[in-house]
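We did not get these values from a lab; they are worked out from the coordinates using the rules stated. Just so we're clear, the structure is a prediction, and the values are computed from it rather than from any experiment. Cβ coordinates were reconstructed from backbone atoms using ideal geometry, including for glycine residues, and neighbour counts include every protein chain displayed.
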Amino acid sequence: MSYSIKQMLDKLKWHPKFDFSRVVVRYVDRPKGLSELRGNEIRDVGHKFIYTESFAIPHHRVVEIIYDGRVIWKR
């Protein structure tokens, strides 16, 4: 089964066997290139954006979701 970004992040956030602070979201950050966002920086996950306290990342810019150092979702 293939998970959407929202489904994957919701699973990592709400399932008791996962620790959301171990999540890293790697995304395209124009003009810098690739940037990373830690799970404890994520305020909310919407259907089209990942929200932090100061900015939002569109889902189409996410390239990888990493949990505990291992890539678990990749575009």
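One table, with the values for the structure above:
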read-out	value
Residue-count net charge about Ile72 - beta-carbon cut-off 14 Å; Lys, Arg +1, Asp, Glu -1	+4
Efficiency of FRET between Lys17 and Asn40 - r from beta-carbon atoms, R0 25 angstrom, step 0.05	0.90
Between helix 5-14 and the chain: long-axis angle, C-alpha atoms, 0 to 90°, nearest 10	50
Pairwise FRET efficiency - Gln7 versus Val28, Cβ, R0 = 25 Å, nearest 0.05	0.75
Label assignment, Rg/Rh (Cα atoms, Kirkwood Rh) derived from the structure, set [x] 1.15; [y] 1.12; [z] 0.92	[z]
Computed label-point distance, nm, for sites Tyr51 and Lys74 using a 7 Å Cα→Cβ extension	3.2
